[in-house]
Amino acid sequence: MTAIRTLAASVRDRRVSSHELVSESLRRIEALDPELGAVVALRPQALEEARVLDGLIADGEDPGPLAGLPLLVKDVTEVAGMRTTFGSLAMVDAPPADRDAVAVARLRGAGAVVVGKTNTPEFATAGWTANLAFGITRNPWDRSRTPGGSSGGSGAALAAGLAAIATATDGGGSVRIPACYCGLAGLKPTNGVIGRDPIPAWMDLSTQGPLAPSADDLAVLLAVLRGPTPGDPTALPGWATGPAATRSSPLRVLVLDRLWSDEPLPPAAAEPFARAVDRFADVLGVAVERSPLTDPFPGSSMGLDWVRITACEHAHHLGRGWIQLHRDELTDDTGSFLELGLAVSAEDYVTARRRRFGYARALDEHLGDDAILLTPVMTVEACAAEGPGSQSEAGWYVTEAQNLTGHPALSLPAGAFPGGTPFGLQVTAPRFRDDLLLELAARWQEAEPWPLAAPGYEPFGV
């Protein structure tokens, strides 16, 4: 058993108390986080909640599969009684939330105890984690580099062993990028597997997704998080269905360097990717084949369509007046992103959304019901913790397509970039085959175990 199962079982069996675990989480945050900048707010009442939970267990109650485990929440997700700042100076005086977001409610309902919130790039719009409100988050593997984004605070916290659980969201790679750079496992589930409430700014592109040090932790967390919620018309009523759901291994393994470009990978990514693909074939006992398509979406505007949709939806979520009023408080990148969103015409927005159907069809037909697709998560090493400076981000990510098409995508630790930060192998499966990805993650970790924390840090619970 891994950390979540083992720790929760220990709390239920009263071999360790929730109060001890929450105290240890707060101690580690105080001792280790000043050099990382992963945690932006603490929740002192967590200790009293842990005492109450321990009392319930003593009285014979079972608090659930996450019994007493300390939980950090990405600061784009509501926690009752805490501010949700979205990493923005313009939001630091926001009133405390009056309720938990559905993901937090489900985690707490399973027994987790919220101890604080983690950092995010402003409004979760970047692939690194730094903002004007709380500063820079650093990667525990190399503190000169970013842990990725936008769930970078949660990724850094988990890789440094600051808590047992940390939430993450993914609208364009924000679970998978920190998983890649922090040596974690991360799943962007099929759109709709986890119901959304409140509805995110990037309405049906963004979803909660499990991010964790181990494959089994992903399975435990997804079991808690999944399920529909009132008000989300895209939420699925249940789990995977159909004959494909009974098969635990793919029949075909396709390999592709990128998902919407035929440019070759730079050597820094090509070398670890080739090694990971060869080993993956050995582990599964299935021959891999180069995808017959160098680009599943030839001649498409996928990257531009992702920007048009997300920028437009985010700008109109905040409102033109709010953006103009707070423009001086926003980072240059965020301000430019929102201004671009305001400039997207209704025709361009609707056309981009219509093209999503073509993207989904192309990937559906490419995978069928019996194939998975291997790609890198990132084509470049983690940039400086402060951000990339003038370096273009074009072509860095191999992550946005699955948010547009809805397919589930998994990041697995698979070696390292030349500079030493972890490399992530991305596995994309047919829609609604999240179960297959969880099975593959477990098999990969059994064959290729990875460190459960960055060098110099201990996994939580050790």
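Observations
- The combined condition, being of a type outside the set (A, V, I, L, M, F, W, C) and more than 18 Å from Gly358 (Cβ to Cβ), is not fulfilled by Pro298.
- Residue match in the stretch 195-209 (condition: closer than 22 Å to Val427 by Cα, in a loop (DSSP other than H, G, I, E, B) and open to solvent by 10 Å² or more (accessible area, probe 1.4 Å)): yes
- Any helices (runs of 4 or more DSSP H) falling wholly within the stretch 289-355 and containing at least 1 residues that are closer than 29 Å to His366 by Cα and open to solvent by 50 Å² or more (accessible area, probe 1.4 Å): 302-318
- Selection of the stretch 173-191 for residues being assigned to a loop (DSSP other than H, G, I, E, B) and in contact with a strand residue (DSSP E or B) (Cβ under 8 Å, 6 or more places away or on another chain) yields Gly173, Val175, Gly183, Leu184, Pro189, Asn191.
- Matching residues in the stretch 261-272 - criterion: being crowded, with 16+ Cβ neighbours inside 10 Å and either among the small types (Gly, Ala, Ser) or closer than 21 Å to Leu251 by Cα (or both): Ser261, Ala268, Ala269
- Count of residues meeting criterion [open to solvent by less than 10 Å² (accessible area, probe 1.4 Å) and within 11 Å of Ala9 (Cα to Cα)] in the stretch 52-72: 4
- Check on Pro459, farther than 16 Å from Gly209 by Cβ and crowded, with 24+ Cβ neighbours inside 10 Å: no
- Pairs, first more than 17 Å from Glu122 (Cβ to Cβ) in the stretch 141-158, second part of a helix (DSSP H, G or I) and open to solvent by 10 Å² or more (accessible area, probe 1.4 Å), C-beta under 7 Å, six or more apart: Arg143/Glu35
- Taken together, Pro213, Pro189, Pro178 contain a single residue that is under 23 Å from Trp444 (Cα atoms), in contact with an Asp or Glu (Cβ under 7 Å, 6 or more places away or on another chain) and at pLDDT 95 or above, which is Pro189.
- Output for the stretch 403-462, where each listed residue is on the phi > 0 side of the Ramachandran plot and part of a loop (DSSP other than H, G, I, E, B): Gly406, Gly420, Phe432, Gly456, Gly461
- Pick from the stretch 106-123, criterion touching a Lys or Arg at 6+ places or on another chain (Cβ under 8 Å) and of a type in the set (A, V, I, L, M), ranking: farthest from Ala41 (Cα to Cα): Val114
Every residue, every condition in (1) closer than 30 Å to Ala9 by Cβ; (2) of a type in the set (D, E, K, R), yes or no:
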{"position": "Ala156", "(1), (2)": "yes, no"}
{"position": "Ala163", "(1), (2)": "yes, no"}
{"position": "Ile199", "(1), (2)": "no, no"}
{"position": "Pro228", "(1), (2)": "yes, no"}
{"position": "Arg252", "(1), (2)": "no, yes"}
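- Test: Ala416 is among the small types (Gly, Ala, Ser), open to solvent by 10 Å² or more (accessible area, probe 1.4 Å) and out of contact with any Gly (no Cβ under 9 Å at 6 or more places or on another chain): no
- Where Trp396 falls short, out of the listed (1) of a type in the set (Phe, Trp, Tyr); (2) farther than 18 Å from Ser150 by Cα; (3) modelled with pLDDT under 95: (2)
- Scanning the stretch 183-199 finds no residues that are closer than 17 Å to Asn403 by Cβ and acidic (Asp, Glu).
- Test for Ile177: is it surrounded by 24 or more Cβ atoms within 10 Å (Cβ to Cβ), out of contact with any helix residue (DSSP H, G or I) (no Cβ under 7 Å at 6 or more places or on another chain) and at negative phi: yes
- Inclusion of Leu107 among residues that are under 22 Å from Ser151 (Cα atoms), buried (at least 21 other Cβ atoms within 10 Å of the Cβ) and in contact with a strand residue (DSSP E or B) (Cβ under 8 Å, 6 or more places away or on another chain) is warranted.
- Summed over the stretch 206-224, the residues that are closer than 15 Å to Pro408 by Cα and under 13 Å from the mean Cα position of the chain (by Cα) give a count of 8.
- Checklist (1) free of Cβ contacts under 8 Å to residues at least 40 places away in the same chain; (2) open to solvent by 50 Å² or more (accessible area, probe 1.4 Å); (3) within 21 Å of the chain's Cα centre (by Cα) applied to Ala31, failing item: (3)
- Long-range neighbours under 7 Å by Cβ, at least six apart or interchain, first residue closer than 19 Å to Arg258 by Cα within the stretch 278-296, second open to solvent by 100 Å² or more (accessible area, probe 1.4 Å) and in a loop (DSSP other than H, G, I, E, B): Thr294/Asp262; Asp295/Asp262
- Hits in the stretch 360-386 - residues which are open to solvent by less than 10 Å² (accessible area, probe 1.4 Å) and either of a type outside the set (A, V, I, L, M) or in contact with a helix residue (DSSP H, G or I) (Cβ under 8 Å, 6 or more places away or on another chain) (or both): Leu363, Ile372, Leu373, Leu374, Thr375, Pro376, Val377, Met378, Thr379, Ala382
- Checking Glu78 against (1) surrounded by fewer than 24 Cβ atoms within 10 Å (Cβ to Cβ); (2) outside any loop (DSSP other than H, G, I, E, B); (3) not hydroxyl-bearing (Ser, Thr, Tyr), the condition it does not meet: (2)
- Every pair of residues 6+ apart whose Cβ atoms lie under 8 Å, when the first sits in the stretch 315-332 and is modelled with pLDDT of 95 or more while the second is among the charged types (D, E, K, R) and in a helix (DSSP H, G or I): Ala315/Glu339; Ile323/Glu339; Leu330/Glu122; Thr331/Glu122
The values are calculated or read from the model by the stated rules, or taken from the named source; none is laboratory data. These numbers were taken from a predicted model, which means no experiment stands behind them. Please note: Cβ atoms are built from the backbone with ideal geometry, for glycine as well, and neighbour counts cover all protein chains shown. Accessible surface is based on the protein model in full, side chains and every heavy atom, while ligands, DNA and RNA are left aside. Shrake-Rupley method; radii C 1.70, N 1.55, O 1.52, S 1.80 Å.
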